[in-house]
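The values are calculated or read from the model by the stated rules, or taken from the named source; none is laboratory data. Model, not experiment: these values are computed from the prediction. As a convention, Cβ positions derive from the backbone with ideal geometry for all residues, glycine included, and neighbour counts pool all protein chains shown. The protein model used for the area step is the full one, side chains on, heavy atoms only, and it has no ligands, DNA or RNA in it. Shrake-Rupley method; radii C 1.70, N 1.55, O 1.52, S 1.80 Å.
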Amino acid sequence: MLIAFIAAVAFIALSHGVFNDAGFVMRMDTVVDRWFVPLRTRAWSRFFSVVTFFGSVYGVGLVSLAIAILTHWNLGVIEFGITAVGGSAVVAQLVKVFTARMRPDHLPWRSRELEYSYPSGHSAAALTLYGMLALFVILFGTVPAAIFGAIYLLLILAVGASRIALSVHYASDVLGGYLLGIALLALAVGIFG
């Protein structure tokens, strides 16, 4: 529960900075955005659109359904997932309405995202879902846990990076999504053990 508390405090502090246009948030967003400028091409956009799918409602839904089927509809796993992944989705949407942060300028060949920017729901969903999978593999898996843990970590990072590369989120949106995801994943671990 300590990790959930620390992540929640960090999320609240970052949210305060985003809401008040704090200088440190704007500087971070500007620096990180510059790293992604060379990747804002049509070809890279196709690649990042595939990656971002794994943090979307559809991607998370399909992976969640696969988990439910593979665990034979284990109620504990489903409750854990609903708490972590569902909780992050609900909180992310509520915070988006409160902060009302506009999205970055969109790429001319992509359609504009319609909802607010902060925090990144894709990043929060990716962290909670694939973080949950990493925990399950490490705790209950029979395969080399480090390999799958690394794969899930790379997927979490790739989804966040894709949101910045596609110019639909600022770096602080992604960081906020990750902090929210950590808080809710740790909360679910604290509740369900």
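For region 58-177, the residue among Val91, Ala150, Leu133 whose Cα projects farthest onto the positive side of the dipole built from Cβ charges is Val91. Of Asp105, Asp21, the residue with the largest accessible area leads and the full order is Asp105, Asp21 (1.4 Å probe). Taking all protein chains into account, the per residue accessible area for the chain stands at 54 Å² (1.4 Å probe). Between Trp44 and Tyr58, the modelled labels are 2.4 nm apart [label points 7 Å from Cα along Cα→Cβ].
Got a sec? What order do Leu179, Leu2 fall in by accessible area at 1.4 Å, biggest, i.e. largest, first? If you can, show how the numbers build up before the last one.
Numbers: Leu179 30, Leu2 120 Å².
If we order Leu179, Leu2 from most to least accessible, we get Leu2, Leu179.
Summarise the accessible area of the chain (1.4 Å probe, protein heavy atoms) by the percent that is carbon and sulfur. Exposed carbon and sulfur together represent 75 percent of the surface.
Would you please classify the overall shape of region 87-193 from the alpha carbon gyration tensor, given that a ≥ b ≥ c denote the square roots of the eigenvalues, rounded means a/c under 1.5, and beyond that prolate means a/b larger than b/c while oblate covers the rest?
Details: a/c = 3.49, a/b = 1.65, b/c = 2.12.
Oblate is the answer for region 87-193, as a/c is 1.5 or above yet b/c matches or exceeds a/b.
Sites count as exposed loop sites when they are chymotrypsin sites (Phe, Trp or Tyr not before Pro), lie in a DSSP loop, and have at most 10 other Cβ atoms within 10 angstrom; the longest stretch of the chain without one is 110-193. Label zone (Val37, point 7 Å along Cα-to-C-beta; backbone nitrogen cut-off 20 Å) within region 156-179: 161-173. Taking only alpha carbon atoms, the chain gives an Rg to Rh ratio of 0.97, where Rh is the Kirkwood radius.
Quick test of the membrane-span-like rule: which DSSP H helices of the chain reach at least 27 Å along their long axis (C-alpha atoms) with mean Kyte hydropathy at least 0.5? Write down the numbers at each step before the final one.
Numbers: long enough: 121-140 (28 Å, 1.78); 145-165 (29 Å, 2.08); 171-192 (31 Å, 1.95).
Sorted by number, the helices that extend far enough and score high enough are 121-140, 145-165, 171-192.
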